[in-house]
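Down below is the structure, laid out as structure tokens.
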Amino acid sequence: MKYIVCEKPGEFILKEKEAPVRKPGEALLQINKVGICGTDLHAYSGNQAFFTYPRILGHELASEVLEIDENAKGIKAGDKVVVMPYVSCGECIACRNGKTNCCTNIRVLGVHADGGMQEQITVPANILLPANNLSNDQMAIVEPLAIGAHAIRRADVKAGETVVVVGGCGPIGIGIMKLAQIAGAKVIALDMNEDRLKYAKESIGVDYVVNVSNDPVKQIEEITNGDLATAVFDASGNKFALEACPDYMAHGGRFVLVGLSKGELTYTHPKVHAKEMTLMCSRNATTEDFEHVISVLDQFPTESFITHSVPFTEMIANFDSWLKPETGVIKATVNFN
């Protein structure tokens, strides 16, 4: 079978190898479509934490079961499935407390272990979710939306409150914004890309858009009658954006770090202390988050979200262009079938 491996930063190679053989407790999957996410882009650029090379990327997967043992979920050969790509140990303190998303020994497909950028793959059967009601396009975006769903659940977003999403017009931010709306919140998208802000307003239907280059604190104050936002989410991973986020947050508010920065962050203690800021990180997602996304996916504009799609034989030639904002990429996908 064919597969694509990132040998080192800046280098993909299309190769062939023997098809995998399923072990007991595993499922053999046919990969139909792979979504490209920020992790893949950063890994290719050599700017991804927790990463080693060579690596087969890909953890946003639309797949079909070729072989599987009898299982409690009733999944059988021929079924379409979403892969929850976080393989947890089930034994550590996080797993024992139901936080499998931050297992101390977690292995994320496409990051710590080889992912789905290949025609077939074997995975533990217990990380599969039935998805016969979804299209391949929908299946390929469940995982990034589940990242947003987990962040929304972490922050316990309530109907009627106002939230700011920084870097809100990237793929993860768009998911956070739409899921916050579904939860009943008013959403302010904060970004510097006018085309993406326009997309957030017209296609996602966010309540307000703010260009970060034009005094964002003042704009947010005007929108909220001086209150600022009760929850602020960073989906950018940008150091300067992350350090500015508390300025957008109301007294008594929550700040949720979803994007990942590799370096140190600095905050002025009196400023954040005065607001009694709750700071929390949001990592990966759990089964509950995936199930929630699947249940509300009909409310998400999948067709406009996926802006680029190519056969796997053309991925290497196109990948560099997906790093460039001027190409208008929101979500690119690679078709294996």
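The figures follow:
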read-out: Entries in Lys33/Lys73; Lys218/Lys331; Lys76/Lys324 that, when Cα-Cα distance is taken, lie over 29 Å; value: Lys218/Lys331; Lys76/Lys324
read-out: Of all accessible heavy-atom area on the range 148-281, the percent that carbon and sulfur account for (1.4 Å); value: 49 percent
read-out: For the range 148-281: accessible area per residue (Å², 1.4 Å); value: 45 Å²
read-out: DSSP bridge pairs, the chain: antiparallel proportion in percent, nearest 5; value: 55 percent
read-out: Degrees separating the helix 171-182 axis from the principal Cα axis of the chain, which is the longest one; value: 70 degrees
read-out: The range 82-158 and the range 160-235: distance between their alpha carbon centers, rounded to Å; value: 26 Å
read-out: Using a Förster distance of 45 Å, the FRET efficiency for Ser135-His269 (Cβ separation, nearest 0.05); value: 0.40
read-out: Helical mean residue ellipticity (222 nm; -39500 (n - 2.57) per DSSP H run of 4+; nearest 500) of the chain; value: -7000 deg cm²/dmol
read-out: Helix 136-155 vs. the chain, principal-axis angle (Cα, 0 to 90°, nearest 10); value: 40 degrees
read-out: Highest-fluctuation residue, Ala113, Ala62, Ala72 considered, GNM on the chain with Cα pairs under 10 Å; value: Ala72
read-out: Options [x] 34, 21, 19; [y] 47, 28, 16; [z] 27, 22, 21 - which one matches semi-axes √(5λ) of the Cα gyration tensor in Å as calculated here; value: [x]
read-out: Highest-first arrangement of 196-202, 31-37, 219-225, where packing means the average Cβ count within 10 Å; value: 31-37, 196-202, 219-225
read-out: Förster radius 30 Å - calculated FRET efficiency between Asp207 and Cys89 (Cβ-Cβ, nearest 0.05); value: 0.15
read-out: Shape of the range 148-281, Cα gyration tensor, a/c cut at 1.5; value: rounded
read-out: Loop-located chymotrypsin sites (Phe, Trp or Tyr not before Pro) in the range 13-73, at most 16 other Cβ atoms within 10 Å (DSSP); value: Phe50
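The values are calculated or read from the model by the stated rules, or taken from the named source; none is laboratory data. For clarity, every value in this text was computed on a predicted model and none was experimentally measured. Cβ atoms come from the backbone with ideal geometry, glycine included; neighbour counts cover every protein chain shown. In case anyone asks, the SASA skips ligands and DNA or RNA and just uses the protein heavy atoms, side chains included. Shrake-Rupley method; radii C 1.70, N 1.55, O 1.52, S 1.80 Å.
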